[in-house]
Amino acid sequence: MKTVFSGIQPSGKLTIGNYIGAIKNFVKLQDDYKCNFVIVDLHAITVPQDPEALREQSEAVATLYIAAGIDPSKSNVYMQSHVPQHAELGWLLTTLTSMGELERMTQFKDKSAGKDSVGAGLFVYPSLMAADILLFNTDLVPVGEDQKQHLELARDIAGRFNHRFGNYFTIPEPYIPEVGARIMSLDDASKKMSKSNPNEGSYIALLDPPDVIRKKISRATTDSGREVKYDPANKPEVSNLIGIYSQISGLSVAEVEQRYEGQMYGPFKKDLAEVVVSVLEPLQQKYREIRESGEIRNILREGAERAGEIAAKNLKEIQHLMGFLPRG
Ligand code: ATP
Ligand code: LTN
């Protein structure tokens with residue numbers, strides 16, 4: 001069975017962008033691949049964290065994975081920091097990554113822009129991501145569009161390792177959905193919807209109460225036209241909403257356009273809100289049940305145990321190839 005690996009940072013409340021771009025595909029892939037879906041807490045501290053918030057968000061992201069349909073008996077769900085081989089391989093691969101490559105990463109440029117002081121962790125973050133993926137000889141990495149560049153780098157690092165130390169790593173392929181790989185902010189369709197945006201109206205959080213979802217969608221920016229038409233270049237706001245509608249309802253973009261032919265934005269937005277609520281309400285109910293049961297800690301422990309065995313074995317092989325003396 002081929003291997004899938006992906007991770008989400010516990011750096012804020014998960015949004016419908018994370019759901020459409022990543023989690024929905026995790027659920028889809030879990031029957032056909034050996035999957036690792038990880039809460040990448042080591043990545044989350046590359047920007048300053050509040051310790052209490054990190055703990056809460058870590059548990060929330062893990063619970064949302066399960067509430068969204070990831071089956072922990074099929075997939076390994078665990079905290080990145082619970083499998084220390086991630087950090088160890090991260091260091092090894094940092095030595096195979098050039099400054100120039102890291103300087104070209106657009107996420108680093110965006111996140112460091114205008115800051116007086118930027119942690120070195122934010123800079124070397126892509127080497128750690130490469131380690132996450134390569135540690136399991138991953139075949140497929142389901143992510144949103146914004147992670148494509150990081151994945152390219154992981155492929156380059158794998159190739160470089162194989163060339164220098166012997167053919168060991170599988171070169172991973174991205175799995176990026178055609179529609180929905182880049183859900184945009186509700187207040188500004190030129191920016192990606194992001195859980196770390198300080199304006200809460202810019203995103204729909206998976207745990208937003210139904211009335212908040214309705215309000216946010218009704219206030220979402222649209223153009224002054226009146227056609228519900230998918231045209232990202234000229235109608236980015238409406239196209240973004242159509243994309244969300246299509247991804248959440250399972251209808252194609254053309255079917256959504258057809259359904260709202262001749263109608264104004266008002267009724268379209270009202271229906272979109274109901275479509276989103278109809279998917280998120282049951283997910284939220286499940287979320288509450290899992291949190292109350294307290295079972296998430298067991299799920300995370302078992303996931304880390306299973307993944308940790310493979311990680312330990314693979315890291316030993318990698319260390320051997322690189323020339324480290326075994327511990328005896
Ligand atoms: P942050 O704003 O803290 O950087 P984020 O919302 O971008 O966070 P990540 O943890 O970086 O979330 O991403 C988790 C996964 O969700 C990644 O696969 C990423 O590509 C995907 N993703 C994030 N935002 C979107 C979006 N707006 N549309 C589609 N996919 C997204
Ligand atoms: N960099 C990613 C999170 C991430 C990841 C990974 C995704 C860390 N390690 C491995 C896929 C595979 C992000 O910011 N979304």
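The values are calculated or read from the model by the stated rules, or taken from the named source; none is laboratory data. Not measured: the values here are computed from a predicted model. Please note: Cβ atoms are built from the backbone with ideal geometry, for glycine as well, and neighbour counts cover all protein chains shown.
Here is how the numbers come out for the structure above:
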quantity: Breaking point among (1) modelled with pLDDT under 95; (2) at negative phi, for V276; calculated: (1)
quantity: Residue in the range 168-182 that is modelled with pLDDT under 95 and more than 16 Å from ligand 2 (Cβ to nearest atom) present; calculated: yes
quantity: Members of the range 185-232 found to be of a type in the set (K, R) and either within 16 Å of ligand 2 (Cβ to nearest atom) or exposed (fewer than 13 other Cβ atoms within 10 Å of the Cβ) (or both), listed by number; calculated: K191, K192, K195, R219
quantity: Residue in the range 186-202 that is modelled with the lowest pLDDT, counting only those that are more than 8 Å from ligand 1 (Cβ to nearest atom) and assigned to a loop (DSSP other than H, G, I, E, B); calculated: P198
quantity: Matching residues, the range 238-263, being part of a helix (DSSP H, G or I) and farther than 18 Å from L186 by Cα; calculated: S249, V253, A254, E255, V256, E257, Q258, R259
quantity: Some residue of the range 23-41 being under 13 Å from the mean Cα position of the chain (by Cα), of a type outside the set (F, W, Y) and near ligand 1 (Cβ under 8 Å from one of its atoms); calculated: yes
quantity: The range 2-19, residues that are over 19 Å from S75 (Cα atoms) and outside any loop (DSSP other than H, G, I, E, B); calculated: T15, I16, G17
quantity: Listing of helices (runs of 4 or more DSSP H) fully contained in the range 39-121 that carry 3 or more residues being within 19 Å of I8 (Cβ to Cβ) and aliphatic (A, V, I, L, M); calculated: 51-67
quantity: Residue within the range 144-159 that is in a loop (DSSP other than H, G, I, E, B), under 16 Å from the mean Cα position of the chain (by Cα), at negative phi and within 16 Å of ligand 1 (Cβ to nearest atom) present; calculated: yes
